[in-house]
Amino acid sequence: MQNAYSSRKKRGPGNIMVLLILVIAAVFTLFPIYMAVLNSLKTDGEMLNHILALPTSLTFANYSDAYHKIDFLRSFWNTIMITLIGVTGIILFASMAGYKMSRTPGKLSQFFFAFFVLSSLIPFHSIMITLVKISKELHVQGSTYGLGLIYIGLGVALAIFLYHGFVKSIPRDLDEAAVMDGCGELRLFSVIIFPLLLPITATVAILNALWMWNDFLLPLLMLTDSDYYTLLISTNMLFGEYNNDWSAILASLVLTMLPIIVVYLLLQKYILSGIAEGAIKG
């Protein structure tokens, strides 16, 4: 008992250090959000003169101004559509591919799995110019569905890795029992296997939704018509060459991040468990 007490005592400073690091990381993460919310409630003059001070009076007119300037409903709908197309496609293709490769041993499955995993390590900036040229040739540049398809291609590799590992935790006896009952392969996957993939599916969904919702560079490259701008691209249009409307910009950023924060809070309990099971068993 004394040894257990002394070991806990020795771990004490280490635990405090870890906690301190986490607190510092949380402060660095939340401080920009705090500053955006704080200054979105100020007038331009008050924000520029006292950026760290609390507002003397709450100015909600900035949100109304930002709502109209970025055409919020149109931009919000475009962002929703792009995210839905991308996330749905990634879940559909990655879940089936991960299941098939996990349940089909052999060198061919190993080759394709390694191919997908290695492709996820390629930096986006190294294929950016080529991707733009190919999208023009395929006539998918400048539309929400085209951008959604590109997101599917870019995000499916990591999702396959996670699904492939998670499927290994599902007993093969379920597959064999379903086949003996006359269940076809497609029905086996859709009715029996896929419902068991809910934790990793939630993980894949929220990770990719966060990525697509907050992405700026790819929509900037692909969307050439203002009718298809996402929330971030519409917000970027508020930056002028000689003048920046900071009150509207900050209010627009707060409006942009609120929906995805709500989604994250609803699904965050699945993220760590899904990543851990998919990565460890993979």
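The values are calculated or read from the model by the stated rules, or taken from the named source; none is laboratory data. Being a predicted model, the structure only gives us computed values, none of them experimental. Neighbour counts run over all protein chains shown; Cβ positions are idealised from the backbone, glycine included. For the accessible areas, the whole protein counts, side chains as well, though only heavy atoms, and no ligand, DNA or RNA atoms are used. Shrake-Rupley method; radii C 1.70, N 1.55, O 1.52, S 1.80 Å.
Filtering the stretch 74-132 to residues that are part of a loop (DSSP other than H, G, I, E, B) and not aliphatic (A, V, I, L, M) leaves THR104, PRO105, GLY106, SER120, PRO123.
The set of residues in the stretch 200-226 that are open to solvent by less than 50 Å² (accessible area, probe 1.4 Å) and among the acidic types (Asp, Glu) contains only ASP215.
Checking every residue in the stretch 40-55 against the condition of being in contact with a Leu (Cβ under 7 Å, 6 or more places away or on another chain) and either free of Cβ contacts under 8 Å to residues at least 12 places away in the same chain or in a helix (DSSP H, G or I) (or both) gives at least one match. Each residue in the stretch 85-107 was checked for being open to solvent by 30 Å² or more (accessible area, probe 1.4 Å) and aromatic (Phe, Trp, Tyr), and 1 of them qualify.
For the stretch 227-248, check the following and say yes or no: at least one residue is among the acidic types (Asp, Glu) and surrounded by fewer than 17 Cβ atoms within 10 Å (Cβ to Cβ). There is at least one residue in the stretch 227-248 that is among the acidic types (Asp, Glu) and surrounded by fewer than 17 Cβ atoms within 10 Å (Cβ to Cβ). Selection of the stretch 54-84 for residues being of a type in the set (A, V, I, L, M), open to solvent by less than 40 Å² (accessible area, probe 1.4 Å) and under 28 Å from THR43 (Cα atoms) yields ALA66, ILE70.
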